Amino acid sequence: MPGSPAPSATRLGVIGWPLGHSRSPAMHTAALRALGLPWSYLGLPVPPELLEETVAALPGSGYRGINVTVPHKERALALADLASPAAAAIGAANTLSFSSEGETRAENTDAPGFLQALGQTPEDLRCVVLGAGGAARAVVWALREGGAREVAVWNRTAQRAAALASELGVEHAEWPSAVVAAADLVVNTTSVGFGGRSGEEGQPPLAALGIEGLDPPAVVVDMVYGAAPTPVLEWGRRGGSVLVDGLEVLVRQGALSLQLWTGHEAPVEVMRVAARGPDEPPAPHLG
Ligand code: ATR
């Protein structure tokens, strides 16, 4: 309308350090276009020492919300004014929303996104989670809330797995062999396989995770994603398991975040195509 001020641009973004080749900007930009929203979604590479002041400045610069990735998920929860019960229980937030009243709300869409990517209920499944970092916390919480029959956590550093297991009320496995042999579902949340990463001192990835020589369960999920199938997904493929990759989890968590910010149902298929990319896939990345 002539004379009226131009509406300020509405922005979204993803904050991480290093941000690397995050697929979130391409995925969300495609989704915003499909929804017909003139919003933008930007990559925000922000080091830990600048996290707090950057987040505080975002609402004033037109930001409606942001995704949060490694290594900021725990601090993002701490600096929010309000947290969803899921984010509080998991101890990490991957989504921040800024209200017009100036409040920052923390949510964790990694957990429901993981369950959606799984494509089946974990009810009655015996589950093993490899790793005890932030990604493991969201997965363990999701499996437990989803009604899994058993959830056992194994980690290279046993102490960390024991602490996570006792905090979230699941089992701690001292060695994967016993629990993996009886499992229906194994989820790799470690960074083994990320960017072709092997174990310590060149140990093969499956040996580093204690699953070499074991038969895979019915369903194998790897939160790591990249251009090539990861060693853990290759393990599942050889054994005929149903496979779920980290890109599907990325798409699902992103779709849930977008719904929170826009109030619109997210165009999941558009996001999936954009995240997987028709061209040269970017370097592997952790969700
Ligand atoms: P995130 O928040 O993404 O989960 P993180 O907290 O750094 O990241 O956790 C990384 C996970 O990968 C941890 O479980 C880590 O094991 P430790 O707790 O023993 O460090 C696991 N990990 C990383 N490198 C590994 C390796 N070479 N072998 C086995 N586990 C590894």
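Summary table
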quantity	calculated
Single residue of the stretch 199-218 satisfying the filter (in contact with a Ser or Thr (Cβ under 8 Å, 6 or more places away or on another chain) and within 26 Å of THR69 (Cα to Cα)) that is farthest from the ligand (Cβ to nearest atom)	PRO205
Odd one out for ASP184, checked against (1) open to solvent by less than 40 Å² (accessible area, probe 1.4 Å); (2) charged (D, E, K, R); (3) within 12 Å of the ligand (Cβ to nearest atom)	(3)
Search result, residues across the stretch 142-159 that are open to solvent by 90 Å² or more (accessible area, probe 1.4 Å) and more than 13 Å from the ligand (Cβ to nearest atom)	GLU145, ARG149, GLU150
Test for ALA162: is it modelled with pLDDT of 95 or more, over 22 Å from VAL224 (Cα atoms) and open to solvent by less than 70 Å² (accessible area, probe 1.4 Å)	yes
Whichever residue in the stretch 167-181 is farther than 13 Å from ASN155 by Cα and in a loop (DSSP other than H, G, I, E, B) and, among such residues, is nearest to the ligand (Cβ to nearest atom)	VAL170
The stretch 127-141, subset more than 12 Å from the chain's Cα centre (by Cα) and over 20 Å from LEU206 (Cβ atoms), residue farthest from the ligand (Cβ to nearest atom)	TRP141
PRO38 being in a loop (DSSP other than H, G, I, E, B), of a type outside the set (D, E, K, R) and either free of Cβ contacts under 8 Å to residues at least 24 places away in the same chain or open to solvent by 50 Å² or more (accessible area, probe 1.4 Å) (or both)	yes
Hey, LEU96 touching a residue at least 40 places away in the same chain (Cβ under 8 Å), open to solvent by less than 20 Å² (accessible area, probe 1.4 Å), away from the ligand (no atom under 16 Å from the Cβ) and closer than 25 Å to ALA56 by Cβ or not	yes
Lone unmet requirement of (1) part of a helix (DSSP H, G or I); (2) surrounded by 24 or more Cβ atoms within 10 Å (Cβ to Cβ); (3) more than 13 Å from the ligand (Cβ to nearest atom) for ALA117	(2)
Residues (within 16 Å of the ligand (Cβ to nearest atom) and in a helix (DSSP H, G or I)) located in the stretch 223-252	PRO231, VAL232, TRP235, GLY246, LEU247, VAL249, LEU250
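The values are calculated or read from the model by the stated rules, or taken from the named source; none is laboratory data. Being a predicted model, the structure only gives us computed values, none of them experimental. In this analysis, Cβ positions are derived from the backbone assuming ideal geometry, glycine residues included, and neighbour counts consider all displayed protein chains. Just so you know, the surface numbers come from the protein's heavy atoms only, side chains and all, with ligands and any DNA or RNA stripped out. Shrake-Rupley method; radii C 1.70, N 1.55, O 1.52, S 1.80 Å.
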